[in-house]
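Asker: Provided herewith is a single structure, encoded as structure tokens, for subsequent inquiry.
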Amino acid sequence: MTDTPRIGLYICHCGHNIAGVISPEALADAARDLPGVAVCQDHLYSCSEAGQRDIAKDIKQFGLNRMVVAACSPKLHESTFRRLLAENGVNPYLLEIVNIREHCSWVHAQEPAAATVKALELIRMGLAKVRDAVPLAERQVPLTRSALVIGGGPAGLRAALDIAHVGIPVILVERAPVLGGMANRLYKTFPRGQSSLSLINPMMAAVTLHPGITVLTDSAVTEVGGHLGNYRVMVTQARPRVTQACDLCGECAAVCPVKVPADPELGQAPRAAIYRPSPTAFPARYLVDRLHCDRCGLCVPACPRQAIILETEGEIEPALEVGAIVVATGFAPFEPAGSRYEAWAALPQVITTVDLERRLDPQGPTGGRVLAGGATAEPQDIAFVMCVGSREAEGNRYCSRVCCPTALKQALELKALLPQARIRIYYRDLRAVKREWEALYTRAREAGIGFMRAQVRDIRPSEAGQVVIEADQDLGQWVSADRVDLAVLAVGMTPGDNAPLREVLKLPVGTDGFFLESHPKLRPLETVLDGIFLAGACQGPKDLAESITQGSGAAGKILALMAHDTITLDGLICAVDPEKCIGCESCYQECPFQAVEMMGEGKTRQARIIEAACKGCGVCAGACPSGAVIARGFTDEMILAQIDAALAVNPEKKILAFCCNWCSYAGADFAGVSRMQYPPAVRIIRTMCAGRVHPKFILHAFARGAGQVLVSGCHPPGDCHYISGNLRAQARMEKLWPKLAKKGIDPTRLRLEWISATEGRTFQQVIQAMAEKIAGAKAKREKGLKDWGGTGKRGKGEKGETQGPEDGLP
Amino acid sequence: MTRRKVLICACPDLAMDGRELAARLKQAGVQADVAPPLCTPDGLARLKKLTAAKARPWLVAACGPEIHAGFFPALAPEARLPVVDVRSCPDLETALGALTLALEAREQPEIPAVPVCREVLVVGGGVGGCQAALDLANAGFKVYLVESSLSIGGTMAQLDKTFPTLDCSICILGPKLVEVAAHPNIELLSYASLSRIAGQAGSFEVEVTIKPRYVNMSKCVGCATCTTVCPVIVPSRWNLGLKPRKCIRIIFAQAVPLRATIEKDYCIDCQMCVAACEHQAINLLYRPSQRRLTVGAIVLATGAHPFDPTIKSEYGYGRIPGVVTNLEFERIVCATGPTLGSLITPEGQPVRRLAFIQCVGSRDRRFLPYCSGYCCTASIKEAMLALEHEPECEVTIFFNDIRTSGKGFEELYLRAQAAGVRFIKGLPGRIQAGDDGRPVIGFEDQERGGRGELAVDMAVLAVGLEAPGEPLPFVDLAPGRDGLGFYQARHPILHPLESTLPGVFLAGTCQGPRDISETVCQGSGAAARVIRLLTDLAGKS
């Protein structure tokens, strides 16, 4: 693609915003004869309709094939001018916006001469870059119109129903033998006390009856490949030993000689080895408990429908093609066994809120009677102990959110069941954060339930079948000892065993172990992997309403996706030049999105970019030792050309700044909007991510004699828009500092800074400090000073520490 | 044909005994059976037999559509099994009455199909409304986003940072706002109010009044030249009165749409802006304009208001200059705020001692009887911001319970404790002005015991959220609101995103306080529910 560049250069006055400081006419005169410029005009407002009309006319008249607009930040009008080009038959990526407002006229208002010189150099940089620009295609990724929902709890059920209702086929995969998840273990829900069965079962029934939903229970997702729009999924399903012919008559269980003991936590009464896992949940079926079945074979002839085949082994492995995935795998209640609460939970008078829920259910294993272990009479003194497995100094540090309303609900139910009982709640903070939860709290207090703000130290056995709760009372600071018949541990929510799925999906989890959303506020349902969404408690503790909301929300995301036949993605992604790739895997290892795959073996092994997964951050290109990765729109050639143009004159007096698009470039914009003045020595090169900056750029800049080089990005760890590009940049700079020293380049000439989009002041201070260093560089060299001074000042709201090269120096 | 047979679902939530209901029906000569809960496999098997045997004469006594998730219609798509909602009946007599009526009724009349409009109205351009609009627009629906203010963005645009990550609010919100404005399927009607809503799900007729900005929207380029020449200076409401602005102004730097607007009440008609505008965009003669829209569904994302602490007079808000609300504090520490981000008191003094008072308005039977949910974490965030600005600042938070129950919130609480923020259990009784005019907080430490007084430079009141006041102009039935003014959900667990009026959906704080993350989830969820409803209605017509 080597057409002769015919560049249209447009310089905007932006009213007085630019023209008040810089003379656009003078700029135009100076730039008119620069190489490649076919036409150069200045406009009062290039973005105005009049300006756009002029430009459109020029494109036709001069046969323009490139465009540079020197105006405001690309964040404002890049899309406007891209559209203009596209409308006039020029590829929209053959455009460069030169920011002479936020980065020049607004910040050098007192130095018009210097600002004009800088503006011209910025234009030269833009021209240098656009000469290497090539047309880029927006990518159309085909889309498979079906969705996979992993997890059949309330969030998964709702997501499946909302997606399928619009006519998109859904496959619902559930690990357990029945749908419903943890909701099956609930008796009543808060805040209104409606039964869980009456709320969740209709959704199960609707999913089961829905012709567009395929339910795979007893199944696990074992492999996921592909990308947004086209995921290939392997599911492993245990082959059932009872076929669909089963009509639930129960003859098999009646003859089975094996007796499996009761499991109160699961709400299971004693049962046979062939059994129905739940009387109420779907799908209704009998199962053979592979662990306990001794294969006596008595059930086989007992079945009137010949539905039992005990010899069945192995698994069915359906392979699925789906366009998007909802992860709704829920939570597991905190298990006291194996924790510091083990001794408490082992006492017969101590149960968990999960046990209590089952015991409160008249259809449950105790027929609705709440009895402490071994007791024959109902308990009269009952205590709830909050925060068991939550808010711990070690272990689960987070709050599980639902335990407070759960305990309030259960306490009120117990009070209704046993009006004479004395009930108290040992709590740390009572967290009824919803309107109706607070109402429950009020009702509980009015019902005479006691609340004690205390830390429970110990629960130990006492005489007469009671236990003693010893607690440090917060109010008044004394130690209490309280004798109760029944102690209920309010256990928190844990992510459960999500490791296998994590492994399969390569989804990150947070420090709390729950799946990590893409952005806690703006993209709470999305993950870093496009097309994979989160719903419900697998993302963090939630109640039923919040989980169901997220189920709908994830469905909404998928419906928006599936409204199109293809997915359009922008052209700014990376590619690998097979001529140059040496198969070193640097890009493969550094890509934050698993968008690089290695093809071939041995000497032919090479990297390839999975276009649909690539986000265009250029972290791979910043890592490539052989220049094989082409970061489209930000190629090595473009950036080197920008460096050359920036450092053509007086390089030793310049600060070359690499600013990431999302934070630091926006921070410099913000300094402009706020009219924060700083020295005009800085030349900014925009990259999508700080991780795009290859050490060779910096070495090149120093070879050209740059006075100072700044690499800046988003604050670690979380602000990076490409997960960890900022940390990659940091690692590279830390390696580079000692290297510079060895080469005899003062490493303090390279600076790494984290500047967020609001930290205009930080940007200003950094540039001021670097300019001071340039001014004092000569003197310093003479004195042989090695220390890195900085200004010692910190910007308002600056989060991170200033990064110096000390750590990397011997 | 009247029916003589009733199948009663033994729902555990029935307010009456199903067997008693059957007995009473039998006395009236109606055959009545009690089946296991119909949404269980056993109940469903029973129901299937019924539909297989041409169930026409049968009537099912079960739950309403907000509970049954559509499985009754799914079971017999053609037969339209008649279902009477007895689950919501408070007692036996009511249920009996409902069933008797249904038994006597002739064939259920077919609801006439209305042409379904695939356009959607979103009311409110805060982050929840924007999310709903974007998801709907991405799914191919035309969306009208009506915003009463000059710019979309809502309260989130006024915040400095967001919890628990402390990232900059406008930086993350700004691109979303631009995306809304640039979306080909979204038509943004800002500075507009609704004047009439009529019709029903599938076809609402809506009238929108667009207030005049006195600026031509297509000519104005947002250069703000007009604001520099305008001689009239008034307090900026957007900065909560803390910062001056001109009578013609752009509401904030990242406003969407980025256009100037004259506040006519203050305009002295000097015409200086008219002369200064190089685009001839200003015209002082503009009048309000009307738009009539037809939409299939409405998403309400009208938000909530911060509680005005003036009426909680013991805290001296409005009398003592050093007492500010948490939203005012956000503006003060924000780089675009009145102090350009310097943490100083409204009187310009440095802040060396700072206190936050929780539950102002919230959890108070006199004002807001509920917990506003966000304020604890917000105050902890603001305490951290204060320490970033003034590392030597002494920060105290007076609380009742610290309710940091959201993802990553507890971690922020722990970080604040480690950073030296002091937490005192016990809400102060009063704040008085000290001799030097600074706020003096009288408190009782409930944990350590004893009363004390704390003189501070600034006292920040963590105010709760209260329901939006003015009702929307629904001509017929309006979506239900609770006693406090918040919109009621159709069902608190199963349908948190639907209002009580079919076709009207809810997202964000208009149905009760919630944080940004939950609001965004609700925006997406509401979009899914809208798509589902419109697909449903289109299928019927």
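Throughout, read-outs are computed from the coordinates displayed, never taken from laboratory work. On a predicted model such as this, the values are computed, not experimentally measured, just so you know. Virtual Cβ from ideal backbone geometry, glycine too; neighbours counted across all protein chains shown.
Asker: State which entries of B:176/B:246; A:409/A:434; A:415/B:425; A:521/B:407 exceed 18 angstrom in Cα-Cα distance in the structure shown.
Answerer: Values: B:176/B:246 27 Å; A:409/A:434 14 Å; A:415/B:425 29 Å; A:521/B:407 11 Å.
Violating the 18 Å limit, Cα to Cα: B:176/B:246; A:415/B:425.
Asker: Please go through the range B:177-239 and write out the trypsin sites (Lys or Arg not before Pro) that DSSP classes as loop and that have at most 15 other C-beta atoms within 10 Å. Working shown, then result.
Answerer: Working: sites: B:196, B:213, B:219, B:237; in loops: B:213, B:219, B:237.
For trypsin sites (Lys or Arg not before Pro) across the range B:177-239 that sit outside H, G, I, E and B with at most 15 neighbouring Cβ atoms in 10 Å, the list reads B:237.
Asker: Given Cα pairs under 8 Å that are at least 6 residues apart, what percent is the relative contact order of chain A? Show your work: numbers first, answer last.
Answerer: Values: 1726 pairs, mean separation 88.4, N = 810.
11 percent.
Asker: Another question about this same structure. So what J values fall out for the range A:84-90 if you push phi through Karplus, 6.51 cos²θ - 1.76 cosθ + 1.60 with θ = phi - 60°, rounded to Hz, Gly and Pro as x?
Answerer: Working through the residues one at a time gives 4, 4, 4, 5, 10, x, 10 Hz.
Asker: Another question, then. Kindly give the semi-axes, whole Å and largest first, of the ellipsoid equivalent to the range A:98-175, taking each as the square root of 5 times a Cα gyration tensor eigenvalue. Don't skip to the answer; put the middle values down first.
Answerer: Numbers: eigenvalues 634, 73, 17 Å².
Over the Cα atoms of the range A:98-175, the semi-axes work out to 56, 19, 9 Å.
Asker: Quick one: Cα convex hull volume of the range B:113-272, Å³ per residue?
Answerer: Details: hull volume 21.9 nm³, N = 160.
Enclosed volume per residue, from the Cα hull, is 137 Å³.
Asker: Shifting gears a bit: Pop the C-beta distance of residue B:446 and residue A:16 into the FRET formula with R0 = 51 Å and round what comes out to the nearest 0.05. Let's see the in-between values first.
Answerer: Numbers: r = 60 Å, r/R0 = 1.18.
For residue B:446 and residue A:16, the calculated efficiency is 0.25.
Asker: Would you work out which of B:262, B:414, B:286 lies farthest towards the positive end of the dipole of chain B? Charges go on Cβ: Lys and Arg +1, Asp and Glu -1.
Answerer: Farthest towards the positive pole: B:286.
Asker: Work out from phi, with θ = phi - 60° and the Karplus expression 6.51 cos²θ - 1.76 cosθ + 1.60, the ³J(HN,Hα) of each residue of the range A:236-246, listed in order in whole Hz, and give x for Gly and Pro.
Answerer: After applying 6.51 cos²θ - 1.76 cosθ + 1.60, I find 10, 10, 4, 5, x, 8, 10, 7, 5, 5, 3 Hz.
Asker: Let me ask something additional. Step through the residues of the range B:249-266 one at a time and calculate ³J(HN,Hα) from phi using the Karplus curve (6.51 cos²θ - 1.76 cosθ + 1.60, θ = phi - 60°), rounding each to whole Hz and writing x for Gly and Pro.
Answerer: Per-residue couplings from phi come out as 7, 9, 4, 7, 4, 9, 4, 10, x, 7, 9, 7, 9, 9, 8, 4, 4, 9 Hz.
Asker: Starting at 0 and stepping by 10 Å, how many percent of the alpha carbon pairs of chain B end up in each bin?
Answerer: Cα pair-distance distribution for chain B, in percent: 3, 15, 21, 21, 17, 11, 7, 3, 0.
Asker: Right, another one. Which one of A:15, A:763, A:204 has its Cα pushed farthest toward the positive end of the charge dipole of chain A, where Lys and Arg give +1 and Asp and Glu give -1 at the Cβ?
Answerer: A:15
Asker: With 10 angstrom as the radius, rank B:176, B:48 by how many other C-beta atoms surround their C-beta, starting from the fewest.
Answerer: On the way: B:176 18, B:48 14.
Going from sparsest to densest Cβ surroundings: B:48, B:176.
Asker: Here is a follow-up. Quickly rank A:304-313, B:479-488 as a protection proxy: mean count of other C-beta atoms within 10 Å, highest first. Don't skip to the end; give the middle numbers.
Answerer: Details: A:304-313: 13.6, B:479-488: 17.0.
Sorting A:304-313, B:479-488 by mean packing, highest first, produces B:479-488, A:304-313.
Asker: Now for a separate question. Just flag the chymotrypsin sites (Phe, Trp or Tyr not before Pro) in the range B:211-287 sitting in loop per DSSP whose Cβ has no more than 11 other Cβ atoms within 10 Å. Please list the in-between numbers first.
Answerer: Numbers: sites: B:214, B:238, B:252, B:266, B:286; in loops: B:214, B:238, B:252, B:266, B:286.
Within the range B:211-287, no chymotrypsin sites (Phe, Trp or Tyr not before Pro) qualify (loop, at most 11 other Cβ atoms within 10 Å).
Asker: Let me ask something additional. Where Lys and Arg each count +1 and Asp and Glu each count -1, what net charge lies around residue A:23 among other residues with Cβ under 12 Å from its Cβ? Walk me through the intermediate numbers first.
Answerer: Numbers: positive: none; negative: A:25, A:29, A:42.
Charge balance near residue A:23 sits at -3.
Asker: Quick one: which residues, 5+ away or cross-chain, put their amide H under 5 Å from the amide H of residue B:187? H built at 1.01 Å from N.
Answerer: B:143, B:144, B:145
Asker: Next up: Cross-link list A:653/A:743; A:60/A:129; A:57/A:654: which exceed 29 angstrom alpha carbon to alpha carbon? If you can, show how the numbers build up before the last one.
Answerer: Numbers: A:653/A:743 20 Å; A:60/A:129 23 Å; A:57/A:654 38 Å.
Result: A:57/A:654 exceed 29 Å.
Asker: Based on the mean of other beta carbon atoms within 10 Å per residue, what is the order of A:177-188, A:501-512, A:664-675, B:364-375, most packed first?
Answerer: On the way: A:177-188: 23.1, A:501-512: 16.2, A:664-675: 25.4, B:364-375: 20.7.
Peptide ranking by packing, descending: A:664-675, A:177-188, B:364-375, A:501-512.
Asker: Compute the distance in nm between two label points, each set 7 Å from the Cα along the Cα-to-Cβ direction, one at residue B:536 and one at residue A:342.
Answerer: According to this spin-label approximation, the distance is 5.1 nm.
Asker: Sort B:134-147, A:229-242, A:277-290 for me by packing, meaning the mean count of neighbouring Cβ atoms within 10 Å per residue, highest on top.
Answerer: Details: B:134-147: 24.2, A:229-242: 18.4, A:277-290: 20.0.
Descending mean neighbour count gives B:134-147, A:277-290, A:229-242.
Asker: Mind checking which helices in chain B clear 15 Å along their axis (Cα) and have mean Kyte-Doolittle hydropathy of -0.5 or more, DSSP H runs only? Don't skip to the answer; put the middle values down first.
Answerer: Values: long enough: B:41-52 (16 Å, -0.29); B:92-104 (18 Å, 1.20); B:127-138 (16 Å, 0.70); B:169-182 (20 Å, 1.49); B:375-389 (21 Å, 0.59); B:516-540 (36 Å, 0.44).
Helices passing the filter in chain B: B:41-52, B:92-104, B:127-138, B:169-182, B:375-389, B:516-540.
Asker: Taking the Cα atoms only, what angle lies between the long axis of helix A:544-562 and the longest principal axis of chain A, rounded to 10 degrees?
Answerer: 50
Asker: Given B:253, B:201, A:27, which one lies farthest toward the positive end of the charge dipole of the protein assembly as shown, if we put +1 on the Cβ of every Lys and Arg and -1 on the Cβ of every Asp and Glu?
Answerer: A:27
Asker: If eta is 0.692 mPa s and T is 37 °C, what Stokes-Einstein diffusion coefficient results for chain A, Kirkwood Rh from Cα pairs, in µm²/s?
Answerer: Once the numbers are plugged in, D ends up at 106 µm²/s.
Asker: Dipole of chain A, Cα-centred, from +1 at each Lys and Arg C-beta and -1 at each Asp and Glu C-beta, to the nearest 20 debye?
Answerer: 1480
Asker: Let me check the size of the range A:573-631 from its C-alpha atoms; what are the radius of gyration and Dmax in Å?
Answerer: Using the Cα atoms of the range A:573-631, the pair Rg, Dmax is 9.9, 28 Å.
Asker: Would you please calculate the Kirkwood hydrodynamic radius of the range B:5-104 over all C-alpha pairs and express it in Å, rounded to one decimal?
Answerer: Numbers: mean 1/r = 0.0752 Å⁻¹.
It works out to 13.3 Å.
Asker: On a 0 to 90° scale, report how tilted helix A:196-209 is relative to the longest principal axis of chain A, with both axes built from alpha carbons and the result rounded to the nearest 10.
Answerer: Once rounded, one gets 70 degrees.
Asker: Going by how many other beta carbons lie within 10 Å of each one, how would you line up A:331, A:451, A:763, B:356, fewest first? Show your work: numbers first, answer last.
Answerer: Numbers: A:331 25, A:451 17, A:763 31, B:356 28.
Going from sparsest to densest Cβ surroundings: A:451, A:331, B:356, A:763.
Asker: A follow-up question, please. In deg cm²/dmol, rounded to 500, what helix-only [θ] at 222 nm does the protein assembly as shown give when every DSSP H run of at least 4 residues adds -39500 (n - 2.57) and the total is split over its residues?
Answerer: Details: 35 runs with 381 residues, N = 1351.
Using -39500 (n - 2.57) per qualifying helix, the result is -8500 deg cm²/dmol.
Asker: Follow-up. For residue A:603, list the lysines whose Cα falls under 22 Å from its own Cα; do not include residues on the same chain fewer than 8 positions away.
Answerer: Within the straight-line cut-off, residue A:603 pairs with A:580.
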